[in-house]
Structures are given as structure tokens and as C-alpha cells.
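Worksheet for the structure shown next.
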Amino acid sequence: MIKVEHLHKTFGDFTAVNDLSFSVNPGDVYGFLGQNGAGKSTTIRMLLSLIHPSSGIIEIAGKNLTDNRKEILSKVGAMIERPDLYKYLSALDNLKLFAKMSGLHLSKQALINQLERVGLADRADSKVKTFSQGMKQRLGLAIALVHDPELIILDEPTNGMDPQGIADIRELIVSLSKEAGKTVLVSSHLLSEIELMANRMIIIHKGKKMVEGEVSQLLNPEQTSVRLTTGNDLIAMKVLSASQWSVYMESQDAEGIGLTMNKKLIPELVRFLTASQIDILSLQHRHSLEDYFLKLTQNL
Amino acid sequence: MLKKSISLIFFLNMIIAYAHAQTIDKLMSEVRKKMALIKDYQATGTMKTSVSFLKIPAEPMTMYYKAPDKLSIKTSNGLSFVPKGAVNLNINKLIADKTFTVIDAGTDRIAGKMVRLVKLLPLDDKNEIILSTVYIDPVEKLILKSRTTTKQNGTFELEMSYGKYVNWGLPDKIVFIFNTKDYKLPKGITFDFDDGTAKSAAQAGVDKSKGQAELTFSQYVVNKGVEEKFFK
Amino acid sequence: MWSLLQIELYKISRRPRTYIAFAAIAAIVLIFQVAFKADGQSYMNLMLQNVQDNFEIDRNKAINGYFMCYIILNTLLVQVPILVALVAGDAISGEANMGTLRLMLCKPISRTQVLMVKFLASFIFTIILLLWMAFMALFLSMLIFGTNDMLIFRVKGDESQILQITADDILWRYIAAFLYAAVALTVIAALSILLSVFAENSIGPIVATVCIVIFFTIVSNINVPVIDRNVKPWLFTSYLVGWKGFFYIGTNADGQPLKGSLENWESIRNSLNILIAHIIVFLGIAIVVFKRKDILS
């Protein structure tokens, strides 16, 4: 659905996107992960022709974006960052205007149905200036979806939302892909969020691709890293080294003992340590990718 | 020979001057007599004003007169600039007035025609008029021109041309020449559109200190009575 | 395109600030009318000055609806650029500020189209504003003050002049003047839109437009020959008052105004051409810049 090759964007001396290539397949929920300032927004804006690439090729639905801008954009729905919308207009009027811009003249009922989808039907006639950030976000989503696009590009869609809102949006995104067969590209700075929605993902850092692939592979449970602190780490080390757990052991330092293993084995490990009369003070597990991502974040 | 000629001319002049002195009072009284024929009139015509700073259209007007000294000019409904000295168009009043000393000032020519010059000096110091010179056609007993100097409004001139109504002593045309003060709007008040032609358009040789109103009469209604309301 | 224009007009119509312009015009006009109804004579005295020493003038007739409209336009058309900037200066930057520009531009509409529609909407707003002005300043004044011949007080080069236009020769001049004003104000709209393309808040372009207009107007009114010759022709503000050209009636050799004539149609036409050229240039630059612009707002 999207094919990006060797994309570059510089603003003066600053390189925002550096030789970025990736592809999104039809029907994907594609996670676009990166910390703030990694180049996510710049890339997304280039996909929407809001920013002109310094070099590189963008193809959407098999066509070059620069040459087929109008045709492509008619199939794309987008929400970029926090939309403020026309504050002096109602939710319904906002939706109606953007539908018209896509060349659609929808009935009031059809528009209300769209608002229903994002849980705003009861506020259809309220002016947007009375809306919370979360509500604007929902309306922005409705605007992105109003013309039934094949490709939906969402830039940090859950930003500023309450937990219920985040869950709602997540559910909507998954259903758009699974039930309506839409392709969704969703950006976030939270791995946990991508993990819950996306089937494929990319991590970018300082404008460069760090890793891209299937979420199930990248977040393989085999690769869970476990950090253990006990009453006496030296004894615990000895006990573990002497057992079948030794194969998973990675490191030992002041912060505890590090192991890499399948997530499912954790209860068994706990039982073994307890049986070995070792007091567990803490046990943290996280995926290695998350470790990796955290390191990127801390580097900033 | 030369001496003789000079003395002859001198002599002739003496005779002419004497003749003038003899007849000036008679001429004045004849002019007055002719004027006395007219009790009132209503004259219709147009008024054309020429003042360097005024660009206003010629306008239909009616002049009303009632002896001895009522005169007014009324224009149509439009906006009009009626010369204030219009009251002075009433030269009749001046002639009829006995409070002036009449002085014979010799002769002159207007359009090839010999005219008598009469100077009128007010007896009263308080009179607005300082001096008035009147040019009279001694044959037709008509006033052809007058030049009046006033205390407040400078000098103005009247030039009369006669035609259809000559028998009544009423002119077909009066040209009223008066002094105008310079008209200057403060710059910046009007935010004018400068089309760049101003410099070249500034007419050279136009006398900005004089204005002129030309009254052309096409019809007189004489001695049929004029209502008082026209003089208000 | 038509549907986009409808959207733009709808947005303008729903924005409270749009009505500031209409209210401002109504307020200014009404103040003028009340003031002149109460004491227009003083103004006439000021303008006529010593002309009244020589002439009897009916000042009540002189202060009529046509004259009032001219006086009001004289003042108002200096201020209206601000009102046009208020809407046109907001056209692009206001959307950038609200975060709707990016939403608009990722719809299947070309940027040129967006800009043209914004321009057309500002143009229509300008026309409606002028119609409102015509209604308030001309027709309402005609109702209140009646109609009669009209006096134009004018400074031409070093000379001051009073022109008189007869009542039956005026209305077409106003129609022409309003059409000219429409073109002149469209220059302001185009300039505001151009500045709007560069900004991401609406105050910037509005203030910048107003500053440019004020600065140029001051420079073109310095009245120093060097500036008059070398600078003034290059400032578009010099041509904004060209509508007055329609009231500079032509005269014959005797200085008598000729009904239905213009003193200098050539210069009005040239001014119009210059203004239209400005619109094209401002708009052209705006389109080029806007097309190349990275939308970061």
C-alpha cells in the first residue's frame, strides 16, 4: 500500500529524515514508532504531501505520490497531531466541511452515524470550542474516516486522551483493519500501544530506520528479558548456574541478575527459586525490543 | 507752426471740456429718466461663473428687480454660487442716488464707440463705496461699463451689452468682474488622487485674483409686478 | 471549486470577526451622518473658507447625500484595507494556526485551488463589504440628506479647486468609484493572502498588511518632489484613492464642467492596470510560495 524508498528530508542543516525506506502492506496496521523528534511527523507529512521530500520516492497504492497526488489523497484519510479544527463551528459542521472537501455531500444522518462511530453523536451540535482535547481527537478521527478511505494515517491518535478514550480508539483501529479491511498507519512514541494494535512496525530514530518487521517476531516472547533481585544475589547466581536455568543467564551486576527467556517460563523460574529457598525481592520482565527502545529514548 | 498746432489742440480741448461740463448733469438726468421707466422686472437667463479655482456649471437663473433698490438672483433647484456683489449689479441705485458727487472724467472708447466717463464720489465717508467710474453711451443714454472700488471687497467691474431690450435700457448680458481671494485647502485634508498631470495642467497666465460672472438674459418681463418673496 | 468556495464563504460567514468589519463601517458611517446632520455647516465653512466672501452658497443644499457619501468614503476607504486584511490576512495563516490547514491540504485539492478559493472568498467578502458601504454611506445618506449637486473639494498640485457635479451626473460616478474601490481593495486582499502564506498566526499578516499600507501611504503623502517623481509611482497605495478620479469632472476651455466627462480617464485606466498587475503579482507569488511550502503547522 505504501512504499517508501530512500526518503530524505533536511531543513537547512538539520536532517529530519535520513535515507528512510519501508513498506506497508494492504490490510496492515502498521506501527510507526519513535520518540518525539525522531522524524515520525515529518515522514507522515511527506506521505500526505504536506512536506516536500528532499529526495526519495513515495508510492501509495502503486502510484507515485508527486505525480498522482490528488488521486492518491482521495483514498487517504489522515489525522495529524492534535487537530484544533474550526472552533466556532459545531462538530457536525466541521465534519460536513471536510466531507465536502473530499467531494462528498453526506446527509445529516450519515454524518451523525460517523460521529457515533467515535462516540460524539450526542455532541454533534456543540461548538468545538467547548470540546476537551480528547473529544477533538475523536472528531479528528471521524474527519479522517468520513470519506471511507482505503488508507488511514494517524499521527499519535491517542495523544491527550483518557484511558477509556485510548482503549476506544485502539478498538476502532483494530476493527477498521480486521472488519473493514483498511490499511492503517499509526504513529506513537509508546511501544506498548503499538504492540496492542499493530501487526507490523518500524522504529525510527533521528530520522533513520532502526528496525522494521512483524510485531509478533519483533516482540517474540522468547526474547523477554528478566531482571531479578534477591535476598542474596551471589547465592542465587550459584544456584541458577548449577541448574537448567543457566542457559538463560546473561549478566549479574549491582542491579541484579539478568536473564533472557520465554515469558511463559517466568512462573516456573519463580517456583524454582522459592523451592531453592531464595527470597525474591523483585522480578521485572520486559521485551528486549522495549529495552532497545528505552535505550534509544535515554540516549536523547 | 508747431506752437500754433499745440495751442489749437489746447483750445479745442478746452471747448470739449466745457461742453462736457455743460452736459454731464444733463446726461445723468437723461440716464436717470430712462431708468425711471422701469418699475420692476423679472429677467430669465443663465449665469456662468469663471473663477480659477471654481469648476461649476453654467446655470439657469432669474433676476428680480424692483425700484428703487431691490435686486435678487434666484437659481434653479441645484446648488449655486451666486456672486455676493450681485447686489452691486444694481448700478441703477448708484446712478439714482443723490448722495454722490458727480464728476465729469472726460471721454473714452469702448468697442470703437465714444463714451462719457463719470466719476461718482460718495458724500458720506461711511459709504462702502470709495469711488465708482461709470462709462455712459451719450447717444443711447446707456451705461456700458462701471468700475467701483469698495472698502471691503476691492474693485469690481460691470460690463453691459445691449440688444433686444435696449429700449428699456436693459442689457442682454452683464459681465461682473470681481476680486477673489486665493483659495487654498490645507494639504492632506482631502487625500487626493494625484494623476501626475497637476504640474502641466496648472494654467499659466490665468489671473487668480479676478473672478467673473457672466449673466446672459434671454427674456425680460418688465413692469408686470414682482412679488416681495423673491427678495427674501 | 464552487463547492470549495461555498465552504470558504460559509467559514467566513460563521466567524464573528467577519462582522466586526460590517459593524465598524456602520458605526463610522452613522457617526458621520449624525455629526453632519447636527453641524455640517461648520465643515462646509471650513472647506469653503473665503469663497463665502465672494459667493452666496446654500450650505444646506451643499450638504446632501451625494456629498456625504464622498466625505465618508474619503475617510472610510483609508480604513477599509484594515477590515479587508482582517479577513484575507487570516485566510491561510488562520487555518495554520487552528491546525486545519494540514487537514485541508491532505484532502484531494490542489494548493493552487486552495489559495484561489481563499482569494476569491476574500474578494467576495470585499465586494459585500463595499455593497454594505454603498448602502450605508450612499443610500442611507441620500435618504437622510436628500440629493442635490455635489461639491468636490480638491487639491491639485499646488492649486485647490472646487468642482461642482450636477445631481443627474453623479450616480454613475459612484458605481464606477465602487468598482474601482473593489479592484483597489482586492490588491489589499491579495497582499494579505500573500503575507498569510508565510505566517502561522493570523495577527502577523493582518498587522503586516496594515503596516505596509500605512507606511506606503505616509511615504506617498510626503509631498516632496523627489519622492513624488521617483517613489510614489511605485507604491500601490498611491493608486488606492484613484476612485476619486471619477469625481474629477472634465471641463471645457472656460472651466465649465462637462456633464458625463472625466478629467483624466487615461490616468484612471493606468491606475487600474497597475492595481490589477499588483493583484496578479501578489497572487502569483503567493501561489508559488504556497505550493513549495512545507506545511509544518
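Dipole size of chain A about its Cα centre, with +1 on Lys/Arg Cβ and -1 on Asp/Glu Cβ: approximately 840 debye, rounded to the nearest 20. Electrostatic tally near B:Glu59: other residues with Cβ closer than 15 Å to its Cβ, Lys and Arg +1, Asp and Glu -1, net -2.
As an equivalent ellipsoid, chain C spans semi-axes of 39, 21, 16 angstrom, where each value is the square root of five times an eigenvalue of the C-alpha gyration tensor, largest first. For the residues of C:157-170, the average number of beta carbons from a partner chain within 10 Å of their own beta carbon is 6.
The calculated FRET efficiency for B:Thr155 paired with C:Gln52, based on their beta-carbon distance and R0 = 25 Å, is about 0.80.
Taking the Cα centre as origin and putting +1 on Lys and Arg beta-carbons and -1 on Asp and Glu beta-carbons, what dipole magnitude results for the protein assembly as shown, to the nearest 20 debye?
3040
Please compare each pair in B:Lys151/B:Lys173; B:Lys184/C:Lys37; B:Lys184/C:Lys61; B:Lys48/C:Lys232; B:Lys70/B:Lys119; B:Lys39/C:Lys259 to a cut-off of 30 Å on the Cα-Cα distance and tell me which ones are over it. Over 30 Å apart, Cα to Cα: B:Lys48/C:Lys232; B:Lys39/C:Lys259. Positive-end ranking of A:Leu97, C:Asn60, B:Gln219 along the dipole of the protein assembly as shown, with charges on Cβ about the Cα centre, is headed by B:Gln219.
Helix C:171-198 and the long axis of chain C differ in direction by around 30°, with both axes built from C-alpha atoms. A Förster radius of 35 Å combined with the Cβ-Cβ distance from B:Asn77 to C:Ile214 puts the calculated FRET efficiency at roughly 0.25.
Once you charge only the Cβ atoms, +1 for Lys and Arg and -1 for Asp and Glu, what is the size of the charge dipole of the range A:221-299 about its Cα centre, to the nearest 20 debye?
Details: 7 positive and 9 negative charges, 35 e Å.
I would put it at about 160 debye.
Dividing the mean sequence gap of close Cα pairs (under 8 Å, 6+ apart) by how many residues the range C:2-292 holds gives a relative contact order of 23 percent. If the Kirkwood radius is taken over C-alpha pairs of the range B:30-78, then at 25 °C and 0.890 mPa s the Stokes-Einstein diffusion coefficient equals 193 µm²/s.
Inter-part distance, the range A:94-118 to the range A:131-202, computed on C-alpha centroids, equals 18 Å. How many angstrom separate the Cα center of the range C:156-192 from the Cα center of the range A:1-48? That distance is 56 Å.
Where Lys and Arg each count +1 and Asp and Glu each count -1, what net charge lies around C:Asp90 among other residues with Cβ under 15 Å from its Cβ? Provide the component values of the computation, followed by the final result.
Working: positive: A:Lys87, C:Lys11, C:Arg14, C:Arg15, C:Arg17, C:Lys118; negative: A:Asp84, C:Glu8, C:Glu95, C:Glu200.
Once all neighbours under 15 Å are counted, the net charge is +2.
Across chain A, C-alpha contacts under 8 Å between residues 6 or more apart give a mean separation that, scaled by the residue count, equals a relative contact order of 21 percent.
Taking other Cβ atoms within 10 Å as a rough exposure proxy, A:Thr158, B:Thr99 sort from fewest to most as B:Thr99, A:Thr158.
C:Lys259: net charge of surrounding residues, Cβ under 15 Å, Lys/Arg +1, Asp/Glu -1, itself excluded?
Summing Lys/Arg as +1 and Asp/Glu as -1 gives -3.
Each of A:Ala16, B:Val175, A:Leu120 was scored by the projection of its Cα onto the charge dipole of the protein assembly as shown, and the greatest displacement toward the positive side belongs to B:Val175; charges sit on the C-beta of Lys, Arg, Asp and Glu. Modelled spin labels at C:Val288 and A:Met210, positioned 7 Å past Cα toward Cβ, are 4.3 nm from each other. For the segment C:150-156, counting C-beta atoms of other chains within 10 Å of every residue's C-beta and taking the mean gives 6. In the structure shown, the pairs B:Lys98/B:Lys145; B:Lys145/B:Lys232; A:Lys9/C:Lys118; A:Lys87/C:Lys291; A:Lys87/C:Lys107; A:Lys96/A:Lys136 are assessed against 23 Å; a Cα-Cα span above that value is assigned to B:Lys145/B:Lys232; A:Lys9/C:Lys118; A:Lys87/C:Lys291.
When you look at the Cβ of every residue in A:94-105, what mean number of other chain Cβ atoms sits within 10 Å?
On the way: counts 2, 0, 2, 9, 5, 1, 6, 11, 3, 5, 1, 1.
Partner-chain Cβ atoms within 10 Å, mean over residues of A:94-105: 4.
Sorting the Cα pairs of the range A:2-218 by distance into bins of 10 Å, from 0 upward, gives 9, 35, 36, 18, 3, 0 percent per bin. In this calculation the C-beta distance from A:Thr130 to A:Ser192 is compared with R0 = 35 Å, giving a FRET efficiency of 0.65.
Computed from the coordinates by the stated procedures, all read-outs in this text should not be read as laboratory data. None of these values were measured; they are calculated from a predicted model. Neighbour counts are summed over all protein chains in view; Cβ atoms, including those assigned to glycine, are modelled from backbone coordinates with ideal geometry.
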